[in-house]
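Participant: The structure is given below, and queries will be raised subsequently.
The values are calculated or read from the model by the stated rules, or taken from the named source; none is laboratory data. Note that the coordinates shown come from a computational prediction; the quantities given were computed from them, not determined experimentally. Positions of Cβ are backbone-derived with ideal geometry, glycine not excepted, and every protein chain shown enters the neighbour counts. With ligands, DNA and RNA removed, areas are computed over all heavy atoms of the protein, side chains included. Shrake-Rupley method; radii C 1.70, N 1.55, O 1.52, S 1.80 Å.
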Amino acid sequence: MSIVTAPPTGPGDVPAVGGSGSPAPPDAPWRTTWRRLWGDRGSRTALIAAALLILVALTAPLLSRLGGWSPTAFDADAIDPYLGGLPHGSLGGISAEHWLGVEPVTGRDLFARVVHGAQVSLLIAFAATAIVVVTGTAAGIAAGYFGGRVDTVLSRLMDLTMSFPSLIFMIAMMSVAQDVNRVVLMTVVIGVFGWPGIARVVRAEALSLRNREFVEAARACGSGPWRILTRQVLPNISGPVIAYTTLLIPGMISTEAALSFLGVGVRPPTPSWGQMIAEAVAYYETDPMYFIVPSVFLFVAVLAFTVLGDALRDILDPQGGRP
């Protein structure tokens with residue numbers, strides 16, 4: 001009988017062990033995701049920009065007090081009544097008193113209005129995204145797992161919702177409803193028309209999982225549908241859902257800005273990036289900074305969340321539905 005011995009190992013070949021002599025446990029999935037996300041320069045920049053915008057939105061009241069102006073306070077001394085209300089000085093009235101300048105005619109501080117606009121825009125975007133993700137995930141996972149009549153009804157409802165020209169219906173609904181909270185109304189309206197996309201993604205994932213071995217094993221052990229959906233199916237589709245969620249946010253920001261730009265979104269004096277851009281169109285030649293400041297904030301927000309969403313999709317859902 002021959003004895004097979006393992007080849008000698010050098011210093012670089014020693015396996016990693018834990019404190020008890022056992023192999024070191026693998027990194028948690030979130031650690032791997034974070035390391036890959038932070039390791040890419042573009043993703044890291046987008047993550048920092050998105051975090052800063054969220055921080056600005058959360059601390060908007062504090063930042064406006066730090067700047068010394070309320071978003072609704074008029075400063076008549078900052079504008080020239082003999083020049084049609086244009087700001088004093090160059091670059092839209094940028095000064096130590098008004099860090100990003102002032103609005104023409106009103107003299108309202110642009111810094112205060114932009115940071116409060118970030119609060120409104122991101123609040124609507126995140127709240128609408130939450131509605132879309134919860135509704136779409138619930139509908140998609142039910143359609144994919146149960147199949148049959150449930151799948152037929154939910155799939156037809158997805159098709160019906162997606163067949164509506166959503167922007168036109170959003171404008172109509174926002175125009176008809178007058179005496180309601182505009183932030184809540186915009187959140188609900190945007191969420192109502194956005195859920196079928198993620199529902200289809202989740203349905204396809206659930207269809208591929210419902211007959212897998214671990215699901216059959218859980219079913220054979222007596223687990224009910226609720227336990228199987230929450231313990232077996234949902235954790236295995238969390239990657240695509242998270243990636244899709246991040247990609248939804250820039251679309252929600254753009255939709256809110258578009259509705260406010262068209263005059264059916266958030267109403268003055270509540271600030272919004274889209275509303276500010278709409279008001280600045282008349283001054284883009286005489287006071288371009290009034291147009292540039294909210295446009296830059298909107299552009300950076302959409303770009304940051306788009307890049308971040310693409311990076312998370314590549315990490316969490318590398319196939320992305322592709323063959």
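Participant: Picking from 85, 136, 148, 140, which residue would you name as being touching a residue at least 12 places away in the same chain (Cβ under 8 Å), of a type in the set (Gly, Ala, Ser) and farther than 18 Å from residue 191 by Cβ? Walk me through how you get there before you give the answer.
Facilitator: On the way: 136 fails: farther than 18 Å from residue 191 by Cβ; 148 fails: touching a residue at least 12 places away in the same chain (Cβ under 8 Å); 140 fails: farther than 18 Å from residue 191 by Cβ.
Answer to the check: 85.
Participant: Starting from the range 215-242, keep only residues that are within 30 Å of residue 129 (Cβ to Cβ), then list their pairs with residues that are outside any helix (DSSP H, G or I) and not β-branched (Val, Ile, Thr) whose Cβ atoms are within a distance under 6 Å, requiring at least 6 positions of separation or different chains.
Facilitator: That search, which allows pairs on different chains as well, returns 239/317; 240/317.
Participant: Which is in contact with a Phe, Trp or Tyr (Cβ under 6 Å, 6 or more places away or on another chain) and of a type outside the set (Phe, Trp, Tyr), of 140, 148, 92, 144?
Facilitator: Working: 140 fails: in contact with a Phe, Trp or Tyr (Cβ under 6 Å, 6 or more places away or on another chain); 148 fails: in contact with a Phe, Trp or Tyr (Cβ under 6 Å, 6 or more places away or on another chain); 144 fails: in contact with a Phe, Trp or Tyr (Cβ under 6 Å, 6 or more places away or on another chain).
The match here is 92.
Participant: Of everything in the range 284-294 that's among the β-branched types (Val, Ile, Thr) and either in a helix (DSSP H, G or I) or touching a Phe, Trp or Tyr at 6+ places or on another chain (Cβ under 8 Å) (or both), which residue is surrounded by the fewest Cβ atoms within 10 Å (Cβ to Cβ)? Show your work before the answer.
Facilitator: Of the residues in the range 284-294, the ones among the β-branched types (Val, Ile, Thr) are 286, 292-293.
Remaining after also requiring either in a helix (DSSP H, G or I) or touching a Phe, Trp or Tyr at 6+ places or on another chain (Cβ under 8 Å) (or both): 292-293.
Values: 292: 18, 293: 23.
Checking each candidate, the answer is 292.
Participant: Assess whether residue 302 counts as being of a type in the set (A, V, I, L, M, F, W, C), outside any helix (DSSP H, G or I) and within 23 Å of residue 188 (Cα to Cα).
Facilitator: On the way: of a type in the set (A, V, I, L, M, F, W, C): yes; outside any helix (DSSP H, G or I): no; within 23 Å of residue 188 (Cα to Cα): yes.
Answer is no for this residue.
Participant: Would the range 76-83 turn up any residue that is in contact with a strand residue (DSSP E or B) (Cβ under 8 Å, 6 or more places away or on another chain) and surrounded by 17 or more Cβ atoms within 10 Å (Cβ to Cβ)? Before the answer, list the steps.
Facilitator: Filtering the range 76-83 down to residues in contact with a strand residue (DSSP E or B) (Cβ under 8 Å, 6 or more places away or on another chain) leaves 78-80.
Narrowing further to those that are surrounded by 17 or more Cβ atoms within 10 Å (Cβ to Cβ): 78-79.
The answer is yes, given that some residue of the range 76-83 is in contact with a strand residue (DSSP E or B) (Cβ under 8 Å, 6 or more places away or on another chain) and surrounded by 17 or more Cβ atoms within 10 Å (Cβ to Cβ).
Participant: Tally time: how many residues in the range 166-199 are over 18 Å from residue 129 (Cβ atoms), of a type outside the set (D, E, K, R) and without any contact (Cβ under 8 Å) to a residue 24 or more places away in the chain?
Facilitator: Total meeting the criteria: 8.
Participant: Could you list all residues from the range 40-68 that are open to solvent by 60 Å² or more (accessible area, probe 1.4 Å) and more than 19 Å from the chain's Cα centre (by Cα)?
Facilitator: Once the filter is applied, which keeps residues that are open to solvent by 60 Å² or more (accessible area, probe 1.4 Å) and more than 19 Å from the chain's Cα centre (by Cα), the range 40-68 yields 40, 41, 62, 65, 66.
Participant: Something else: List pairs: first in the range 301-317 and more than 20 Å from residue 119 (Cβ to Cβ), second β-branched (Val, Ile, Thr) and open to solvent by 50 Å² or more (accessible area, probe 1.4 Å), Cβ under 7 Å, 6+ apart or cross-chain?
Facilitator: Within 7 Å, the pairs are 312/242; 316/242.
Participant: Output the helices (runs of 4 or more DSSP H) that fall wholly within the range 110-190 and possess 2 or more residues being modelled with pLDDT under 90 and open to solvent by 20 Å² or more (accessible area, probe 1.4 Å), or say none. Give the derivation first.
Facilitator: Details: elements: 110-146, 148-163, 166-176.
The qualifying helices (runs of 4 or more DSSP H) are 148-163, 166-176.
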